[in-house]
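Working notes for the structure below.
Read the figures in this text as sums done on the coordinates, not as results from a lab. Everything quoted here is computed from the prediction, not taken from an experiment. Using ideal geometry, Cβ is built from the backbone for each residue, glycine included, and neighbour counts are taken over all protein chains shown.
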Amino acid sequence: MIVVREKKEIRQNVDRWKKQGLKVGFVPTMGFFHKGHLSLMKKSLKMSDRTVVSIFVNPTQFGPNEDFDKYPRDIERDIKLAEETGVHAVFIPTVKEMYSGNSKTWVTVEDLSKNLCGKSRPGHFKGVATVVAKLFNIVQPDVAIFGQKDFQQLCIIKQMVKDLDFPIQIVGAPIYREKDGLAMSSRNAYLTDEERHSATCLFKALKMAKDLIDRDEVERAKDLFSIIKSFIETFPFTKIDYIFIGDPESLEPVDELKKPLLIALAVYLGKTRLIDNILIN
Ligand code: AMP
């Protein structure tokens with residue numbers, strides 16, 4: 001596995017692979033790997049001949065009062081895990097390598113960035129879409145893998161690729177969970193033991209919602225909203241950021257619970273904000 005820090009160098013390697021007729025897969029990440037990240041790498045390895053993983057904690061997708069500075073980082077461990085997984089190249093640019101300090105161009109994906117995390121994290125998806133567009137231009141992969149854990153991000157990237165004609169196939173990968181259902185996340189490392197215990201409420205709430213819908217026991221979104229809200233509030237250290245019940249394509253809320261339906265949650269456990277979602281077909 002090669003470890004590359006410059007744009008020029010990753011481009012040269014990918015160029016060489018493409019000239020050999022090899023298909024290139026790409027997994028963009030912010031590092032501090034868990035099994036969710038590794039499952040994306042394995043999917044890319046299956047779908048392509050060469051896999052590039054980027055590790056970049058992107059400052060432009062963090063708000064001023066968010067956790068950019070304290071976001072967990074362990075590059076040496078990440079490099080080892082990527083190598084053990086079979087990845088061919090890890091691209092680890094600095095902030096200076098990615099942003100000249102004089103950027104004036106941003107990618108905004110309208111409408112899809114409006115609700116869910118877009119509402120509570122203004123500017124977040126502008127930072128995400130811009131950095132992913134830059135990484136796509138730098139790496140020039142044939143296929144890129146994104147987790148369904150960040151459902152809104154996946155929708156936004158798919159839309160961006162379509163609108164801006166990137167010749168890249170976007171593939172979604174299922175949410176990888178701990179045994180008790182908690183979605184794996186680098187931010188889980190922030191949780192105290194008590195918060196970690198309560199953090200199971202997200203998946204439990206989503207499963208309960210799915211069961212109620214599958215059994216036709218609830219018809220209106222506002223009733224389901226109240227049930228989920230009361231359920232989560234029974235868990236200590238929780239503060240709900242949002243409960244979204246809506247259309248998985250438009251990401252607009254609905255009144256009537258008709259399938260396909262996306263239920264997405266953002267909940268604070270103490271100071272740590274966790275997200276999770278379920279797609280009900
Ligand atoms: P991050 O490093 O958090 O920016 O995540 C990098 C990629 O891994 C994104 O496409 C995420 O959606 C994906 N990802 C994060 N957590 C999980 C998980 N538990 N299961 C599957 N994919 C995940």
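Here, the chain is characterised by an Rg to Rh ratio of 0.97, where Rg is the alpha-carbon radius of gyration and Rh the Kirkwood radius.
Which peptide among 126-134, 90-98 comes first, and what is the full order, when sorted by highest mean count of other Cβ atoms within 10 Å? Write down the numbers at each step before the final one.
On the way: 126-134: 21.2, 90-98: 16.9.
Ranking, from highest mean packing down: 126-134, 90-98.
Under 8 Å for C-alpha pairs, at least 6 residues apart: give me the relative contact order for the chain, rounded to a whole percent. Don't jump to the answer; show the numbers that get you there.
On the way: 489 pairs, mean separation 49.5, N = 281.
About 18 percent, as a whole number.
At each listed q (0.11, 0.21 Å⁻¹), what is the log10 of I(q)/I(0) that the Debye formula gives for the stretch 114-197 modelled as equal alpha-carbon point scatterers? Results for the stretch 114-197 at q = 0.11, 0.21 Å⁻¹ read -0.38, -1.07.
Protection proxy ranking of 99-109, 78-88, by the mean of other Cβ atoms within 10 Å over each peptide's residues and highest first, is 78-88, 99-109. A simple charge model with +1 on the Cβ of Lys and Arg, -1 on the Cβ of Asp and Glu and nothing else charged puts the dipole of the chain at about 860 debye relative to its Cα centre. Phi angles of the stretch 185-196 translate, via the Karplus equation with coefficients 6.51, -1.76, 1.60 and θ = phi - 60°, into HN-Hα couplings of 7, 4, 6, 4, 5, 6, 6, 6, 4, 5, 5, 4 Hz per residue; Gly and Pro are given as x.
Among the trypsin sites (Lys or Arg not before Pro) in the stretch 140-249, those placed in a DSSP loop whose Cβ has at most 16 other Cβ atoms within 10 Å are 179, 215.
Set the Förster distance to 25 Å, then compute FRET efficiency between residue 83 and residue 22 from the Cβ-Cβ distance, nearest 0.05. Mind showing how you got there, number by number?
Numbers: r = 19 Å, r/R0 = 0.75.
With a Förster radius of 25 Å, E is 0.85.
Between residue 234 and residue 100, the modelled label-to-label distance comes to 5.8 nm, taking each label 7 Å out from Cα in the direction of the beta carbon.
Calculated mean residue ellipticity, 222 nm, the chain: -11500 deg cm²/dmol, from DSSP H runs (n ≥ 4) at -39500 (n - 2.57) each, averaged per residue and rounded to 500. For residue 97, what is the net charge nearby, where nearby means another residue's Cβ is under 15 Å from its Cβ and Lys, Arg count +1, Asp, Glu -1? Surrounding charge for residue 97 is +4.
Here's the picture: charge each Lys and Arg Cβ at +1 and each Asp and Glu Cβ at -1 in the stretch 2-173, and of 55, 17, 102 the one pushed furthest to the positive end of that dipole is 17.
Under a Cβ-only charge scheme (Lys and Arg +1, Asp and Glu -1), can you give me the dipole magnitude of the stretch 13-122 about the Cα centre, in debye to the nearest 20?
Details: 18 positive and 13 negative charges, 78 e Å.
With Lys and Arg at +1 and Asp and Glu at -1, about 380 debye.
If the chain linking residue 164 and residue 35 were pulled fully straight, counting 0.36 nm for each residue of separation and taking away their Cα-Cα distance, it would gain 43.3 nm.
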